[in-house]
Amino acid sequence: MDQWLYQRRGQAMFDLTGKTALVTGGGRGLGLEMAKALARAGAWTVINGRSRQNLEGTRERLAGEGIAIGVAPGDITRDIGAILAQATEKTGQLDILVHAVGERDRRGTEAMEPDDFAQLLNTDLTAAYAVARAALPLLKRSASGRLIFVTSIAAFAARAGDPAYTAAKGGLSALTRSLAVEHGANNLTVNAIAPGWFATETNAHLAADPALQAFVEVRIPLKRWGRPEEIAPAAVFLASPAASFVNGITLTVDGGMTVQM
């Protein structure tokens, strides 16, 4: 009996039933994996992306797997009001926001013009601030609001020829800390997830490169790329009652890459 009660309490700590979640950039890749996990944990989950057609295709595919989700198409750099309206249409609430939108421009300092640098910062950092600011009134009304940014291990470690992305992701981790301090009194936690090298469909060609695989085996203690589904538990944890006293952190999910000398 005691073991049964323990198991039930453990499950309840990660139960998101009755919650509404929005995952921006949730139509594919790591964002989609997190959205699926939040839905499986009980949250009514809405995914955002620019293409309604792609989102509807994802919704149909997930329905075939027994996962019901909503869609909120739009560009987060200019349509955030409409996206939030769509996300809250069914339940009238927003408890969890996972912001997983990001772009990358792998040009070095001499090749990247300041305007291009500013554009990437706008997409990867300024837009994240705008999304958070617009969602704050909704998240504050929740009994346990959760704001989760998806940053990168580039927030902590740099590679040559990647200045804009590195700056944006470092700024996003700093923004996480700032918002956590500012809004903790509203029973709102703000955290981030920093993925390492994941073999998503976007970089499948990189994961198949023997030279990069050799690099991975040297640099990542687990000696492999992350599987996309391995990012999902981090999102469920930070969104759940189990993380009620976790605030202002960037949770690294990288197989140990950033801790190995």
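The values are calculated or read from the model by the stated rules, or taken from the named source; none is laboratory data. None of the values given here were measured: they were computed from a predicted structure. Methodologically, a virtual Cβ is constructed for each residue, glycine included, from the backbone with ideal geometry; neighbour enumeration extends over all protein chains shown.
Computed quantities for the displayed model
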quantity: Filter pass, E230 being acidic (D, E) and either surrounded by 13 or more Cβ atoms within 10 Å (Cβ to Cβ) or closer than 25 Å to M13 by Cα (or both); calculated: yes
quantity: Top-ranked residue in segment 11-32 [being in a helix (DSSP H, G or I) and modelled with pLDDT of 95 or more; ranked as surrounded by the most Cβ atoms within 10 Å (Cβ to Cβ)]; calculated: L30
quantity: Inter-residue pairs, beta-carbon under 7 Å, first surrounded by fewer than 19 Cβ atoms within 10 Å (Cβ to Cβ) and in segment 250-261, second of a type in the set (S, T, N, Q), 6+ apart; calculated: L251/N191; T258/T252
quantity: Qualifying position, being without any contact (Cβ under 8 Å) to a residue 24 or more places away in the chain, over 19 Å from I231 (Cα atoms) and over 16 Å from the mean Cα position of the chain (by Cα), among R61, R106; calculated: R61
quantity: Subset tally (residues that are hydrophobic (A, V, I, L, M, F, W, C) and surrounded by 12 or more Cβ atoms within 10 Å (Cβ to Cβ)) for segment 201-214; calculated: 3
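Table: residues versus (1) free of Cβ contacts under 8 Å to residues at least 12 places away in the same chain; (2) polar (S, T, N, Q); (3) in contact with a strand residue (DSSP E or B) (Cβ under 9 Å, 6 or more places away or on another chain); (4) not in a loop (DSSP other than H, G, I, E, B).
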{"residue": "T77", "(1), (2), (3), (4)": "no, yes, no, no"}
{"residue": "Q86", "(1), (2), (3), (4)": "no, yes, yes, yes"}
{"residue": "V98", "(1), (2), (3), (4)": "no, no, yes, yes"}
{"residue": "N122", "(1), (2), (3), (4)": "no, yes, no, yes"}
{"residue": "A130", "(1), (2), (3), (4)": "no, no, no, yes"}
{"residue": "L139", "(1), (2), (3), (4)": "no, no, yes, yes"}
{"residue": "R146", "(1), (2), (3), (4)": "no, no, yes, yes"}
{"residue": "F149", "(1), (2), (3), (4)": "no, no, yes, yes"}
